[in-house]
Amino acid sequence: MTRAVHDDPIAGFYERHPYPPPVDDLSAVRVLDVEGRRTAHHLVWPRRPVPDEPTLLVAGCGTSQAARHAARNPRARVVGIDVSTTSIDHTRRLIEQHDLSNLEVHQLPIENVAELHESFDHIVCTGVLHHLADPPSALAALRGALAPGGALTLMVYAQYGRAGIYVMQEYCRRLGVAPTSTELADLVATLRELPVGHPLDHVLRNSRDIHDDDALADALLNPRDRAYTVPELLALLDAAGLRFGRWERQAPYRPDCGSISETPHASRIAELPVDEQYAAVELFRGTIARHTVIAFADDDPPTDTLDFSGADADAWVPIVVPTAIAVEERLPPGAAAALLNRAHAFTDLVMFADRAELDLFRSIDGTRPIRDLGPGALRFVERLWNHDLVVIDASVGSTS
Ligand SMILES: C[S@@+](CC[C@H](N)C(=O)[O-])C[C@H]1O[C@@H](n2cnc3c(N)ncnc32)[C@H](O)[C@@H]1O
């Protein structure tokens, strides 16, 4: 099995074109403080208390992803695996340079993760699965490495938003463009002349890949990549014995967030089963280029879902996410602020707040439960949560 994966063209490709572009210095990585760890944890597990020493597997870690996680969270025990020697060597250099005693790396295919004989609280696998020969079995292998209650953060390419990438991949295939530096320079020069309105236009505008040869090769000359629609991704999770938990950022998939909520179709979409809602909103947006989902083993009880109409909801503590901001200029009449998450790729995902709501937003300090925030707080916090502006600490009184 290991041999077969090492012979895979994908492994050879990433030896020659390591991703992300290697860096030598992690000093810009901010170490998470107590609040930062709490916020990151409760995004995934609202109801579980923050563990002292979480275990994290970064599956297909590339040149620096595992090192970044280890640097960001020195209390976590981090394991990185990848098939590419270049990625493993680079990560080992970062371990030495930054004294990352909480990180170990192994040259190991995801498909063979059971050889670690270990299970993890959290598995992160981003930008990898869509390059594999058999994504369902790789995903099932990762599921087998989840500790009880463990979560998987998975990022895969999204089909509709990558339409332009696939147009240009086909173009490159027809011309036989090779991933050499001369050919890549010619390709960049050609891309600069793409007609306005070309389906790759918006992808290039939102991407730094064109400025880096390896990243450009990764996007346009990759020997294997596929993409998933929402229903395909949900079916993939299901086939691997995983249960959908949430989107890492959920507002782009919701009919009650952003410009779709203003349309005559919003209420019609809201009547659909929730999976169908996500599928419809993906089609409405048209340019979602990647999906990041948080999933759990399907035999774990779904203890980490949030029901804002439940009896315990007003005891929950909201925490404002670090990328949330309140903009107080260029507002429509009656609004005191536009609340938005700077990490959203879509600019329509704004929540307008009147003066009382803005005061309520400002009173969220990560310690006060919803019931202490004043009248109307529960409904308002639910909207903030839908818009990815807060996470919820519902672990108060939890025994799990
Ligand atoms: C696009 S890079 C993503 C790197 C990293 N996850 C990130 O987001 O920065 C894909 C990585 O997956 C690795 N990879 C490909 N096939 C793999 C496999 N079967 N098992 C483990 N890693 C694999 C490649 O070597 C490469 O480093």
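Working carefully through the options D299, D238, D275, find the one that is under 21 Å from E382 (Cα atoms) and open to solvent by 70 Å² or more (accessible area, probe 1.4 Å).
Working: D299 fails: under 21 Å from E382 (Cα atoms); D238 fails: under 21 Å from E382 (Cα atoms).
Sole residue among the options that is under 21 Å from E382 (Cα atoms) and open to solvent by 70 Å² or more (accessible area, probe 1.4 Å): D275.
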### Query
Are any residues in region 262-279 over 22 Å from L234 (Cα atoms) and of a type in the set (V, I, T), and if so, which ones?
T263
### Query
Taking region 282-291, which residues are within 27 Å of H122 (Cβ to Cβ) and open to solvent by less than 30 Å² (accessible area, probe 1.4 Å)?
E282, I288, H291
#### Entry: region 118-131 - residue that is part of a loop (DSSP other than H, G, I, E, B) and near the ligand (Cβ under 9 Å from one of its atoms) and, of those, surrounded by the fewest Cβ atoms within 10 Å (Cβ to Cβ)
G127
### Query
What's the number of the condition Y253 fails, among (1) out of contact with any Pro (no Cβ under 9 Å at 6 or more places or on another chain); (2) open to solvent by 70 Å² or more (accessible area, probe 1.4 Å)?
(2)
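Which members of region 74-102 meet the condition of being hydrophobic (A, V, I, L, M, F, W, C), under 25 Å from R143 (Cβ atoms) and either without any contact (Cβ under 8 Å) to a residue 40 or more places away in the chain or away from the ligand (no atom under 15 Å from the Cβ) (or both)?
Narrowing region 74-102 to residues hydrophobic (A, V, I, L, M, F, W, C): 76, 78-79, 81, 83, 88, 94-95, 100.
With the extra rule that they be under 25 Å from R143 (Cβ atoms), the set shrinks to 76, 78-79, 81, 83, 88.
Selection gives A76, V78, I81, I88.
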### Message
Where the second residue is charged (D, E, K, R) and the first is in a loop (DSSP other than H, G, I, E, B) and lies in region 267-293, which pairs have Cβ atoms under 6 Å and are six or more apart or on separate chains?
### Response
I288/E282; A289/R162
### Query
Considering region 159-179 alone, what residues qualify as being within 15 Å of the ligand (Cβ to nearest atom) and aliphatic (A, V, I, L, M)?
I165
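Somewhere in region 38-51, is a residue surrounded by 18 or more Cβ atoms within 10 Å (Cβ to Cβ), over 18 Å from the mean Cα position of the chain (by Cα) and in contact (Cβ under 8 Å) with a residue 60 or more places away in the chain? Before the answer, list the steps.
Kept after step one, since they are surrounded by 18 or more Cβ atoms within 10 Å (Cβ to Cβ), are these residues of region 38-51: 38-48.
Among the residues that remain, those that are also over 18 Å from the mean Cα position of the chain (by Cα) are: 47-48.
In the following step, the residues that additionally are in contact (Cβ under 8 Å) with a residue 60 or more places away in the chain were identified as 47-48.
Looking through region 38-51, at least one residue is surrounded by 18 or more Cβ atoms within 10 Å (Cβ to Cβ), over 18 Å from the mean Cα position of the chain (by Cα) and in contact (Cβ under 8 Å) with a residue 60 or more places away in the chain.
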### Query
Looking at F308, F296, which one is touching a Lys or Arg at 6+ places or on another chain (Cβ under 6 Å) and of a type outside the set (A, V, I, L, M)?
F296
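So for region 75-91 (the condition being of a type in the set (D, E, K, R), buried (at least 22 other Cβ atoms within 10 Å of the Cβ) and under 24 Å from H42 (Cα atoms)), does at least one residue qualify?
Step one: of region 75-91, the residues of a type in the set (D, E, K, R) are 75, 77, 82, 89.
Keeping just the survivors that are buried (at least 22 other Cβ atoms within 10 Å of the Cβ) gives 82.
Add one more test, that the residue is under 24 Å from H42 (Cα atoms), and what stays is none.
No, region 75-91 contains no residue that is of a type in the set (D, E, K, R), buried (at least 22 other Cβ atoms within 10 Å of the Cβ) and under 24 Å from H42 (Cα atoms).
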### Message
Out of everything in region 26-59 that is at pLDDT below 95 and within 16 Å of the ligand (Cβ to nearest atom), what residue ends up being farthest from L129 (Cα to Cα)?
### Response
A28
### Message
If D307 satisfies all but one of (1) at pLDDT below 95; (2) assigned to a helix (DSSP H, G or I), what's the number of the condition it fails?
### Response
(2)
### Query
Which condition does V23 not pass, out of (1) away from the ligand (no atom under 13 Å from the Cβ); (2) surrounded by fewer than 17 Cβ atoms within 10 Å (Cβ to Cβ), if it passes all the others?
(1)
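Residue-wise test of (1) open to solvent by less than 60 Å² (accessible area, probe 1.4 Å); (2) more than 29 Å from E282 (Cα to Cα); (3) assigned by TED's automatic domain parsing to the domain that holds R249.
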{"position": "V317", "(1), (2), (3)": "yes, yes, no"}
{"position": "T323", "(1), (2), (3)": "yes, no, no"}
{"position": "P332", "(1), (2), (3)": "yes, no, no"}
{"position": "A336", "(1), (2), (3)": "yes, yes, no"}
{"position": "T347", "(1), (2), (3)": "no, no, no"}
{"position": "A356", "(1), (2), (3)": "no, yes, no"}
{"position": "L360", "(1), (2), (3)": "yes, yes, no"}
{"position": "P369", "(1), (2), (3)": "yes, yes, no"}
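From A141, A66, A71, which residue is of a type in the set (A, V, I, L, M), more than 13 Å from the ligand (Cβ to nearest atom) and assigned by TED's automatic domain parsing to the domain that holds R246? Before the answer, list the steps.
Values: A141 fails: more than 13 Å from the ligand (Cβ to nearest atom); A66 fails: more than 13 Å from the ligand (Cβ to nearest atom).
The match here is A71.
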### Summary
Scanning region 94-117 for residues that are open to solvent by 60 Å² or more (accessible area, probe 1.4 Å) and either under 21 Å from the mean Cα position of the chain (by Cα) or charged (D, E, K, R) (or both), the one nearest to F244 (Cα to Cα) turns out to be E115
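Out of the residues in region 7-37 that are hydrophobic (A, V, I, L, M, F, W, C) and under 20 Å from the mean Cα position of the chain (by Cα), which is nearest to W247 (Cα to Cα)?
L32
The values are calculated or read from the model by the stated rules, or taken from the named source; none is laboratory data. Here the structure is a predicted model, which means the values were calculated and not measured. So basically every Cβ, Gly included, is an ideal-geometry build from the backbone, and we count neighbours across all protein chains shown. Surface areas here come from the heavy atoms of the whole protein model, side chains and all, with no ligands, DNA or RNA. Shrake-Rupley method; radii C 1.70, N 1.55, O 1.52, S 1.80 Å.
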